[in-house]
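**Q** Please see the structure below; I have some questions.
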Amino acid sequence: MYAGLQELGVANGEDLKETLTNCTEPLKAIEQFQTENGVLLPSLQSALPFLDLHGTPRLEFHQSVFDELREKLLERVSAIALEGKVEERYKKLEDLLEKSFSLVKMPSIQPVVMCVMKHLPKVPEKKLKLVMADKDLYKACAVEVKRQIWQDNQALFGDEVSPLLKQYILEKENILFSNDISVLHNFFSPSPKARRQGEVVQKLTQMIGKNVKLYDMVLQFLRTLFLRTRNVHYCTLRAELLMSLHDLEISEICTVDPCHKFTWCLDACIREKFVDNKRARELQGFLDGVKKGQEQVLGDLSMILCDPFAINTLALSTIRHLQDLVGQDTLPREAELITKFLPMLMSFVVDDHTFNVDQKLPSEEKGPIPYPSTIPEAFTKFLQENRIACEIGLYYILHITKQRNKNAFLRLLPALVETFSDLAFSDIFLHLLTGNLTLLGDEFAVEEFCTSLFDGFFLTACSRKENVHRHVLRLLLHLHHKVVPAKLESLQKALEPTKQSGEAVKELHNQLTEKLELRKPSPAEVTETPSMELPLPTVPTPASR
């Protein structure tokens with residue numbers, strides 16, 4: 001409590017204890033101690049007895065004076081940090097730190113010492129090491145001081161950042177697995193700026209400040225984790241962190257990050273949910289501008305583009321452009337993906353238009369045109385072998401589902417069983433698909449539809465992919481009342497958790513079971529009502545005369 005006072009020549013509790021132990025007149029010793037260590041203000045001595053008359057303890061008075069002086073000192077330290085020439089102000093703060101640092105463990109003085117260190121751009125290394133070695137001091141120091149410690153201690157910085165990264169991934173997964181299934185509010189609903197206000201992004205932004213070295217450390221953590229786990233949420237965080245620093249106009253970092261302008265342009269596209277021709281040319285220009293030997297820049301740009309929010313925007317824009325091309329009787333040109341795969345998607349759009357027009361014709365003019373049920377083998381192959389084709393194909397399926405196009409959905413559904421890197425069974429796609437399927441709620445009353453969707457798609461992966469198991473249960477919790485009863489019963493059995501199933505699957509299945517139990521009609525209480533009629537006595541028939 002009194003650590004450091006002796007080094008400054010100030011008496012403390014131990015000194016008083018020793019004085020009282022060795023003196024013959026304790027009252028005189030106490031009086032002398034008060035005189036030597038009290039507030040040395042002549043006019044105060046005559047005023048103190050008035051406090052005694054009011055029953056105010058001297059401790060309370062001195063504590064009040066101390067608190068007031070400490071606040072004034074804190075204000076003065078902050079003022080020194082802003083006034084005069086840079087060299088002079090920092091010299092004053094360094095001198096003050098030298099005089100006060102010995103009191104850093106004294107709780108009442110500690111805030112002043114920490115304030116001085118906070119305003120010093122370079123705290124002496126010896127003092128930083130002392131702070132780092134003491135857990136309580138490290139915890140108490142300002143983030144400005146911690147930055148100076150972290151920049152030369154990557155392991156310690158990693159320990160601080162790691163829980164935040166885990167929290168971020170967990171938050172994203174919780175949104176994807178939320179029991180609230182909606183086509184209007186989904187994973188991609190929040191705007192980029194709103195997402196950047198999240199707790200983790202804000203904390204990381206504060207921890208980094210203007211320190212380029214710390215920013216590079218965080219990027220290296222994200223690169224390493226993404227390569228190790230392939231979890232695309234790290235890509236989202238990489239983009240959000242850069243744009244959070246952009247919002248604060250931290251030019252010290254934004255100007256040295258080669259991905260800044262590309263990310264800024266893409267962020268504007270995500271905000272508007274569309275990539276127009278002008279921005280498409282800008283983005284292409286940034287990519288073309290990467291020179292040979294800048295492989296790390298390409299790697300970082302790949303992470304920015306692998307952000308699910310970027311893929312979502314690019315894929316939706318592609319689908320929109322394809323619809324425009326159908327209206328213009330134009331086909332895409334250039335690479336095989338563009339000359340073969342995209343025209344195939346356009347042919348599906350044309351099939352829809354043809355079928356819809358046919359349905360509107362008067363019955364006598366109708367030709368016997370059933371809805372096409374087959375899909376080109378090349379389409380399935382594209383979805384299996386080409387990442388970009390697969391992403392676009394999946395977004396086209398989300399598009400037709402959102403349009404309540406049951407025929408087109410059932411036609412393309414078989415192609416989703418085997419896709420590039422199992423993208424059709426990824427959390428993001430299933431999160432969006434389950435939301436869109438709520439628009440086809442009435443179709444769940446048709447057994448053929450349920451068989452195609454559950455047996456033909458979902459159940460093919462449930463046993464090997466727990467996330468699929470969870471998404472199916474989420475969907476059934478939302479739409480169980482629409483599903484054919486016989487099918488619902490078989491699905492409940494098929495989706496029973498195994499010994500290897502996680503707690504989330506077990507909890508969801510329990511919730512579904514409870515909901516189905518509530519829907520069952522209670523057994524009718526069949527009781528025979530006793531007859532209220534009494535038997536009539538036998539009356540002999542009168543003899544005929």
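**Q** Considering the chain, which cysteines have no disulfide-compatible partner, defined as another cysteine with its Cβ under 4.7 Å away?
**A** Lone cysteines by the Cβ rule: Cys23, Cys115, Cys141, Cys254, Cys259, Cys265, Cys269, Cys390, Cys450, Cys462.
**Q** Could you work out the Rg to Rh ratio of the chain, with Rh taken as the Kirkwood radius (inverse of the mean 1/r over all Cα pairs)?
**A** 1.22
**Q** First measure r as the distance between the Cβ atoms of Glu144 and Ile369, then evaluate 1/(1 + (r/R0)^6) with R0 = 51 Å and state the FRET efficiency to the nearest 0.05.
**A** Efficiency at R0 = 51 Å is approximately 0.10.
**Q** Moving on. Skip the ligands, DNA and RNA, and give the accessible area per residue of the chain with a 1.4 Å probe, whole Å².
**A** Per-residue value: 59 Å².
**Q** Work the Kirkwood hydrodynamic radius out for segment 195-270: mean of 1/r over every pair of different alpha-carbon atoms, inverted, in Å.
**A** 12.6 Å
**Q** Right, something else. Please list the radius of gyration and Dmax for segment 371-513, considering alpha-carbon atoms only, with Å as the unit.
**A** 14.8, 44
**Q** So, one more: For the chain, what is the charge dipole size about the Cα centre, in debye to the nearest 20, if Lys and Arg each add +1 at the Cβ and Asp and Glu each add -1 at the Cβ?
**A** Charge dipole of the chain: 760 debye, to the nearest 20.
**Q** For Lys72 and Asn510, what is the calculated FRET efficiency with R₀ set at 60 Å and r taken between the beta-carbons, to the nearest 0.05?
**A** With a Förster radius of 60 Å, E is 0.45.
**Q** So what are the radius of gyration and Dmax for the Cα set of segment 41-150, in Å?
**A** Cα only, segment 41-150: 17.4, 55 Å (Rg, Dmax).
**Q** Which of the lysines could a cross-linker span from Lys17 if the Cα-Cα distance has to be under 27 Å and same-chain partners fewer than 8 positions apart are dropped?
**A** Output for Lys17: Lys28, Lys99, Lys105.
**Q** Report in % the part of the accessible area of the chain that belongs to carbon and sulfur, leaving out ligands and nucleic acids; probe 1.4 Å.
**A** Its accessible area is 55 percent carbon and sulfur atoms.
**Q** Now a separate question. Under the 0.36 nm per residue contour assumption, what length would be gained going from the current alpha-carbon distance of Phe274 and Asn231 to full extension?
**A** 13.0 nm
**Q** Taking only C-alpha pairs under 8 Å that are 6+ residues apart, what is the relative contact order of the chain in percent?
**A** Taking the mean separation of contacting Cα pairs over the length of the chain, I get 10 percent.
**Q** Rg (Å, one decimal) plus Dmax (Å, integer) for the alpha carbons of segment 109-246?
**A** In Å, with Rg to one decimal and Dmax whole: 17.5, 58.
**Q** Also, I was wondering about something else. Among all stretches of the chain without exposed GluC sites (Glu not before Pro) (DSSP loop, at most 16 other Cβ atoms within 10 Å), which one is longest?
**A** 84-248
**Q** Now a separate question. Run the dipole for segment 371-513 about the Cα centre, Lys and Arg Cβ at +1, Asp and Glu Cβ at -1, nothing else charged, and hand back the magnitude in debye, nearest 20.
**A** 140 debye
**Q** For the pair Leu337 and Glu60, how long in nm is the line joining their label points, each one 7 Å along Cα→Cβ?
**A** Placing both labels 7 Å along Cα→Cβ, they lie 7.7 nm apart.
**Q** If each of Ile175 and Gln34 carries a label point 7 Å out from its Cα toward its Cβ, how far apart are those two points in nm?
**A** 6.5 nm
**Q** Sticking with this structure for a sec: Taking 0.36 nm per residue of separation and subtracting the Cα-Cα distance, what length does fully extending Arg281 through Glu295 add?
**A** Taking 0.36 nm per residue and subtracting the Cα distance, the gain is 2.9 nm.
**Q** Pulled fully out, how much extra length does the chain show between Thr255 and Thr451, if you take 0.36 nm times their separation in residues and subtract their Cα-Cα distance?
**A** Length gained, Thr255 through Thr451: 65.0 nm.
The values are calculated or read from the model by the stated rules, or taken from the named source; none is laboratory data. Every value quoted in this text rests on a predicted model; they were computed, and no experiment measured them. No Cβ is skipped: glycine too gets one built from the backbone with ideal geometry, and neighbour counts run over all protein chains shown. Surface accessibility is based on the protein's heavy atoms, side chains included, excluding ligands, DNA and RNA. Shrake-Rupley method; radii C 1.70, N 1.55, O 1.52, S 1.80 Å.
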